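One structure below.
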Amino acid sequence: MATRSQWLVALTGIVIGALGALLMTDDRTNRVHAQPASPLVAIPPRVANAAPPPAGPVGRYQVSAWGAQGRNTPAHGAYIIDTQTGELFYADQSTKPFSLGTVEKK
């Protein structure tokens, strides 16, 4: 059975916890507010005879990144595909990117 001093310690802890919660949630604390809306910016119209986007390295690689929590440290890495050659690479935090092979259409 709990003694009188154990009940007193438990009651004191509850009172201190309640007072702490009240002090941390009063109206004197700063509230989070959204940023003010920015004015609308006019977007110039597209030119009908505009040059096509350059071919080559723009958009050549696609990346799919991943992350997970390990036992003691987080782990992260990425799969990278070369859209021109179909070659698939893998890289993580401890290795340099290396090829896993190529992607072929069936």
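The values are calculated or read from the model by the stated rules, or taken from the named source; none is laboratory data. Please read all numbers here as calculations on a predicted model, not as lab measurements. When we count neighbours, we look across all protein chains shown, and the Cβ atoms used for this are built from the backbone with ideal geometry, even at glycine.
Results, tabulated for the structure shown:
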item	result
Hits in region 58-76 - residues which are small (G, A, S) and either within 17 Å of G101 (Cβ to Cβ) or more than 19 Å from the chain's Cα centre (by Cα) (or both)	G59, S64
Residue check, R71 in a loop (DSSP other than H, G, I, E, B) and modelled with pLDDT of 65 or more	yes
Residues of region 73-85 classified as closer than 14 Å to Q62 by Cβ and surrounded by 11 or more Cβ atoms within 10 Å (Cβ to Cβ), total	7
Residue ID - surrounded by the fewest Cβ atoms within 10 Å (Cβ to Cβ), chosen from residues in region 86-106 that are modelled with pLDDT under 85 and assigned to a loop (DSSP other than H, G, I, E, B)	K106
